[in-house]
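S.K.: Submitted below is the structure of interest, expressed as structure tokens.
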Amino acid sequence: FIFDFFNARLHFGCSRMQMYPLEMEGNSNPKTTNKPKYSKFTQQELPACKPLLTPEIVIAAFALIGALFVPIGLASLHASRQVVELVHRYDASCVPVDDKVGFIQNSRTDKTCTVTMTVPKYMKSPIHVYYLIDGFYQNHRRYVRSRSDKQLRYKSAAHLTSDCVPEGDTADHAPIVPCGLVAWSLFNDTYTVRVNGVVTQVNKKDIAWKSDKNNKFGKNIYPSNFQKGRLIGGATLNESIPLSEQEDLIVWMRTAALPTFRKLYGRIEKDINANDNVTVVIQNNYNTYSFGGSKALVLSTASWIGGKNNFIGIAYLTIGGLCLSLAMGFLVLYMVKRRNFGDPSNLSWNR
Amino acid sequence: MTSERPLIDVASPHPPAAASQLPPSQPEPPVRADHLGFSVEVPGPFRPSRRDQPDPSASERELHEGGEYRAVAVGEPSPEFAGNAVRTAKYSALTFLPRNLFEQFRRLSYVYFLAITVLNQLPQVAVFGRGASVLPLAFVLFVTAVKDAYEDIRRHRSDRRENNRLAAVLAPQTAGEYLPKKWKHIRVGDVVRVASNETLPADMVLLATSDPTGLAHVQTVNLDGETNLKTRYAKQETQLSFSHDGHVAGMLHCERPNRNIYGFQANLEIDGKRVSLGPSNIVLRGCELKNTTWAIGVVVYAGKETKVMLNNSGPPSKRSRLETQLNRETVILSIMLIGMCITASVLAGIWLLNHQRELEFTQFFREKDYTTGKNYNYYGIGMQIFVTFLMAVIVYQVIIPISLYISMELVRLGQAYFMGADNDLYDESSRSRFQCRALNINEDLGQIKYVFSDKTGTLTENKMEFMCASIHGVDYSSGKPACGSSVVVDDLLWTPKMAVRTDPQLLKLLNNDSSNEEAKLVLEFFLALAACNTIVPLVLDTRDPKQKLIDYQGESPDEQALAYAAASYGIVLVERTSGYVVIDVLGDRQRFDILGLHEFDSDRKRMSVIVGCPDKTVKLYVKGADSSMFGIINKSLELDNVRATEAHLHKYSSLGLRTLVVGMRELSQPEFEEWQLAYEKASTAVLGRGNLLRSIAANVECNIHILGASGIEDKLQDGVPEAIESLRQAGMKVWILTGDKQETAISIGYSCKLLTNDMTQIVINNNSKESCKRSLEEALARTKEHRVASSIGSPYPVLASESSGTVLALIVDGNSLVYILETELQEELFKVATECSVVLCCRVAPLQKAGIVALIKNRTDDMTLAIGDGANDVSMIQMADVGVGINGQEGGQAVMASDFSMGQFRFLVPLLLVHGHWNYQRMGYMILYNFYKNATFVLVLFW
């Protein structure tokens, strides 16, 4: 529209037919000089750097990138391989009957399930306990939007549930706190861990992000009317604990970007030796059967790059290797078949 | 006009029929340029000047054949025509909102944004917050509306100021009483009195002026940017009638309002006599009266029907090539967007289908609201697919770079600012900055391949300087800086403003023995120079009260130079009215009656005056181009003299001087009377006056006795040779299109280093189609030969032709172009011309210039740039992809028609090679960046 403005001014000038009052000769008042003021900006003389991509510079740049990336890749690959990770899928084995949905929806069935794993390598504490869900679209548009961040943060905003339909208000129009599908579908399997038969404490403190606890969930907001509808989505919440302390909820509310995701359940703050037996008693409550998803339990140690993740190391190695080989290739070309720099006869239209 | 016909047919997409089938009369008088089949629309004010063509114009045809005219009773305001109130404001308080919104939404991008915003308001589809999506569009609309409103208020104000200005209008019932009246109340038919330096309130026909001969001078700077004074006349009949009884009564018939500034046809019935009126009898709204104490005129066009208002249109708009390409890409992107949305919605449908039975309980979908038992936000798979499609449109909308158009406009604005603020493009002498008049073709400056340049005023300064004279076969060309001569008038010293170098020998000859036969001839020569022109001497005050400066104002710089030259030799033109001139001949003031004037026109290429000398003889002075003059010279009498003059002319033109031949004839009494009779009859003729006058001129301009010839230097502008050299090094082809004759053009070509001695010149200069064809074929053969020869030497033809030293230069003249552009020969001309690295076209008419530009533009993809300064370059400037106007001596028409204007030719180098390059590169980078950025953004989402 600024363009418009300029154009319109031109137009306006034209309409009066006084485009540029040509000065008459002899009228040489120095004040009326039209000369543009000198400044480095208007004359486009500001210092600038525009590197020429000479063969030397290109080869050096590629070599440098390769030299940096290959060690980084090696280091992160090594770190990733140090991580010990146990994954155990239990959704199928924990339901003994064929009607899995019916089994899980029935509140009277005993859903206890025991899983035993053998630790292949020494695991140094802290050992993270995750639950892994597959096929759960936490990134689905109607799911992601179905929450009220204001309500989670401010006491006065409890009634702001318009985004949360159909889990916004109860039948008698009382607001649900926390409202929305996200909170409603809170994961509710529980794990009890025994190492070699000894019950080992799973520490569920500080599993959520600090910033979430402090800034996104209010300290004076308590759950109310939660999970009271006809359809139970998942876990219930203790109404005497403020939302900022409901760390399972906070972890869950940080929605995953992909349909396969793992979320932190707790930490075991005790080392586990190789060949130790880890027995986990699972309360298999959560319904992944209705949408064909799967659940798994993950025990993992951590290194400086986080959990087990070979991808970063491989990616660094690939790019680094590619750059190094390019640098080598260019170097060879440069040595064998050198071209004059700035020779116009090499331009495509001159050939 | 005759020379343009062929061109018209050739350039027209529907050959001859288009031109010949035009109806004889049209509601709007057909304009010369309108006949062209070119793709560029030529708006009215930019039409080539037709000052020098008094032939029956389109408007005249309309007046007499179509019978469409308006009748105005002098002194009786008639309410049936438009009033004099003008309105440039677009809106009123009521219409502002709808009209402004309508104007704004004419841009495609706004409509697109609006559609997206509306989609976003649907609760099912809403992706972003509803309010948030309205904000940007609302903001832009609001700011533009405020800006428009502000401007419109300003326009309202200026309209009001304009409409409420006062003018002295003859009160209808009183006799000769002029009362102040607001401009808006002036009506057609009112008689208005205007004093010196006042602006004219409407288009008026002059009835009388303070000058007894009915002369008035007007300045038309507001109309066409030309600063020189133009002479307008009141007809003797009305002037006399006015001076007798103080008022004029009559009936005026004039053509209907039209845009042609330089044309007017009317006749006035006064005392039962019919007086015809032409363009020289009308003064237009917006002009200022100068050097005339008062003038009285009758309003013929008022308000929005005045020529200035009819010509009120914005700068021409061209579309840059980059933008055209961008539009193509945008279409592809739209297809891509639709494809992506379809893919997304189809995939969503498949997913829904697969999970159909699970949707009810799935935690992340929950199709039912159990409190009400209804489906929540779920309308079945078909509808769901459609909603997904709309949502996808919103999510992926960024892939269509609508915002890029706005960014581009902002960038161009910045570039225009940088170009305007560049010190290298600032012309010290005319104190003009670079101006971007068309804002959307900045980046085209970096893609120019052909530069078409006018010569006069573009390559040269158009400051003419009298250099040498050949009088009676003797060459006087050793000029010395002279002090100039002055004239004593009423104890005051009048000095011509410009001193010219004088030849001492000639000066001596003139001053010493005036009885000598030779000296008499010399005197006649300078008298002819001083008298045979349309120069108006203006007397300016200087600081010294004893001294006054004479400033010669005229439409032709050549004439100015000649008048100054005559003044330097002591023959000073002191005063000019329509009836006589006062010339100070070597200190002796003499009055010469101007009995008749045959104006210069481009067909005759000469002008003549018939002068009644103080010694009661009647003399005809003629001056004109040599080609036209040698045809009417009586060669039998003084063959040696003619030969010598011809030789001198050749010498002058090879020096790059503009030449004029001056001749005279003494008219015998019967001859004069016969002429006078015919002249008076012709001047009052209504039909075909121009042709009649021309034939009379042709009758009397014969058997001319040659006086001599003059050489005027047209100085090259600074840095022109270097600029042309740089442009050629950058791979651009520079063509010069000039109205000068071949020798002059070639010599200018040499002096600006366009032509060099090692070039092979191919000259095409023929008078018939067959010979043209032959020479073109020859030329083609030569270019082939040349190409073969050069390609042996080097594998790269471009480099070879630079290095091998045999560059081809093509020189074509206007006569041949008539035959070439008319026919299939132009294909061959194109082939020859593209092989040559230099092309010079001489003796070309304005429309031929446009034809040559079109020749290249229509046959190649290369960008063309035309640069010129005069009205004759307008058609070429508008035809080319990029038109550049030079703020020069020849007025503002070229600048008004151009896309860019600047002060000097050499600025082309920084403009094209620095700014053009940067503009193109930066714009290209920005567009690519935007495309890739959007693609990344959207494709990540898509994946």
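The values are calculated or read from the model by the stated rules, or taken from the named source; none is laboratory data. Quantities reported herein were computed from a predicted structural model and do not represent experimental measurements. Cβ coordinates were reconstructed from backbone atoms using ideal geometry, including for glycine residues, and neighbour counts include every protein chain displayed. All accessible areas refer to the heavy atoms of the entire protein, side chains included, with ligands and DNA or RNA removed. Shrake-Rupley method; radii C 1.70, N 1.55, O 1.52, S 1.80 Å.
S.K.: What is the spin-label model distance, in nm, from B:THR324 to B:SER210 if the labels are put 7 Å beyond Cα along the C-beta direction?
M.R.: The modelled label-to-label distance comes out at 5.6 nm.
S.K.: Taking the Cα centre as origin and putting +1 on Lys and Arg beta-carbons and -1 on Asp and Glu beta-carbons, what dipole magnitude results for chain A, to the nearest 20 debye? Intermediate values should be presented prior to the final figure.
M.R.: Working: 41 positive and 27 negative charges, 153 e Å.
The calculation lands at about 740 debye.
S.K.: Still on this structure, please answer the following. Ignoring ligands, DNA and RNA, please state the percent of accessible area on the range A:85-302 from carbon and sulfur, probe 1.4 Å.
M.R.: Numbers: 4970 of 10090 Å².
C and S atoms contribute 49 percent here.
S.K.: In addition: Which parts of the range B:734-771 would a label at B:GLU824 reach, counting a residue when its backbone N lies under 18 Å from a point 7 Å out along Cα-to-Cβ?
M.R.: B:769-771
S.K.: Moving to a separate point now. Calculate the dipole size of the range B:88-164 relative to its Cα centre from +1 charges on Lys and Arg beta carbons and -1 charges on Asp and Glu beta carbons; express the result in debye to the nearest 20.
M.R.: So the magnitude is around 120 debye.
S.K.: How do the peptides B:845-854, B:160-169 rank, highest first, by the average count of neighbouring beta carbon atoms within 10 Å per residue?
M.R.: Numbers: B:845-854: 26.9, B:160-169: 16.4.
Averaged packing, sorted descending, gives the order B:845-854, B:160-169.
S.K.: Please tell me which of these pairs span more than 30 angstrom C-alpha to C-alpha: B:LYS307/B:LYS849; B:LYS753/B:LYS857; A:LYS40/B:LYS463; A:LYS270/A:LYS295; B:LYS548/B:LYS681?
M.R.: Flagged as over cut-off: A:LYS40/B:LYS463; B:LYS548/B:LYS681.
S.K.: Tell me the per residue accessible area of the range B:552-618 using a 1.4 Å probe; a whole number in Å² is fine.
M.R.: I get 33 Å² per residue for this part.
S.K.: Taking a 1.4 Å probe, which of B:HIS598, A:HIS159, A:HIS173 shows the most accessible area, and what order do the others take after it?
M.R.: A:HIS173, A:HIS159, B:HIS598
S.K.: I've got another one for you. Run the quick spin-label model on B:TRP351 and B:ALA149: label points 7 Å from Cα toward the beta carbon, then report their separation in nm to one decimal.
M.R.: The answer from the label model is 4.6 nm.
S.K.: Right, another one. Tell me, rounded to the nearest percent, the portion of alpha carbon pairs in the range B:186-311 spaced more than 19 Å apart.
M.R.: That fraction is 41 percent.
S.K.: Per residue in the range A:168-195, which ones lose no less than 30 Å² of accessible surface when going from chain alone to all protein chains (1.4 Å probe)?
M.R.: So the qualifying set is A:LEU181, A:TRP184.
S.K.: Can I ask one more? Once you put a point 7 Å from the Cα of A:ARG339 and another 7 Å from the Cα of B:LEU94, both along the Cβ direction, what distance in nm separates them?
M.R.: Taking the simple label geometry, A:ARG339 and B:LEU94 are separated by 7.1 nm.
S.K.: Hey, another quick one. Name the residue from B:LEU119, B:THR88, B:PHE139 whose Cα lies farthest towards the positive end of the charge dipole of the range B:88-164, charges +1 on Cβ of Lys and Arg and -1 on Cβ of Asp and Glu.
M.R.: B:THR88
S.K.: Here's something else I'd like to know. Put simply, what bits of the range A:223-257 lose 20 Å² or more of accessible area when the other protein chains are there, versus the chain on its own (1.4 Å probe)?
M.R.: Listed by number, the residues meeting the 20 Å² cut-off are A:ARG230, A:LEU231.
S.K.: Sticking with this one: Of all the accessible heavy-atom surface of the range B:655-778, with the other protein chains kept in place and a 1.4 Å probe, what percent is carbon and sulfur?
M.R.: 49
S.K.: May I ask for the distance between the Cα centers of the range A:228-278 and the range B:376-422, given as a whole number of Å?
M.R.: One Cα centre to the other: 41 Å.
S.K.: Starting from the Cα of A:ARG254, step 7 Å toward the Cβ, then list every residue of the range A:107-148 with an amide N under 13 Å from that point.
M.R.: No residues fall inside that zone.
S.K.: Roughly how far apart, in whole Å, are the Cα centres of the range B:734-767 and the range A:27-101?
M.R.: Between the Cα centres of the range B:734-767 and the range A:27-101 lies a distance of 58 Å.
S.K.: B:ILE748: net charge of surrounding residues, Cβ under 14 Å, Lys/Arg +1, Asp/Glu -1, itself excluded?
M.R.: In short, 0.
S.K.: Excluding ligands, DNA and RNA, what is the accessible area buried between chains A and B, summed over both sides, using a 1.4 Å probe, to the nearest 100 Å²?
M.R.: Counting both chains, the buried surface is close to 6400 Å².
S.K.: For an R0 of 22 angstrom, estimate the FRET efficiency from the Cβ-Cβ distance between B:MET926 and A:GLU45 and round to the nearest 0.05. Walk me through the numbers before you get to the answer.
M.R.: Working: r = 21 Å, r/R0 = 0.97.
Approximately 0.55, to the nearest 0.05.
S.K.: Taking the dipole about the Cα centre of the range B:186-311, with the C-beta of Lys and Arg at +1 and of Asp and Glu at -1, give me whichever of B:ASN281, B:GLN236, B:SER196 is farthest to the positive side.
M.R.: Comparing the listed Cα positions along the dipole, B:ASN281 ranks first.
S.K.: Also: Taking chain A as a Gaussian network, Cα atoms linked when under 10 Å apart, which of A:ALA92, A:ALA48, A:ALA157 shows the biggest mean-square fluctuation?
M.R.: In this elastic network of chain A, the residue with the biggest mean-square fluctuation among A:ALA92, A:ALA48, A:ALA157 is A:ALA48.
S.K.: Select from A:ASN225, A:THR116, A:VAL280 the residue farthest towards the positive end of the dipole of the range A:85-302; place +1 on Cβ of Lys and Arg, -1 on Cβ of Asp and Glu, and compute about the Cα centre.
M.R.: The one lying farthest along the dipole's positive direction is A:ASN225.
S.K.: Further question: Taking only protein heavy atoms into account and a 1.4 Å probe, give the accessible area per residue of chain A in Å².
M.R.: It amounts to 56 Å² per residue over chain A.
S.K.: I've got another one for you. Can you give the accessible area per residue of the range B:88-164, in Å², using a 1.4 Å probe? Could you put the intermediate results ahead of the total?
M.R.: Values: 4460 Å² over 77 residues.
Per residue, the range B:88-164 has an accessible area of 58 Å².
S.K.: Looking at chain A, what % of the alpha carbon pairs are farther apart than 38 Å?
M.R.: Values: 29972 of 61425 pairs.
Summing the P(r) of chain A above 38 Å gives 49 percent of all pairs.
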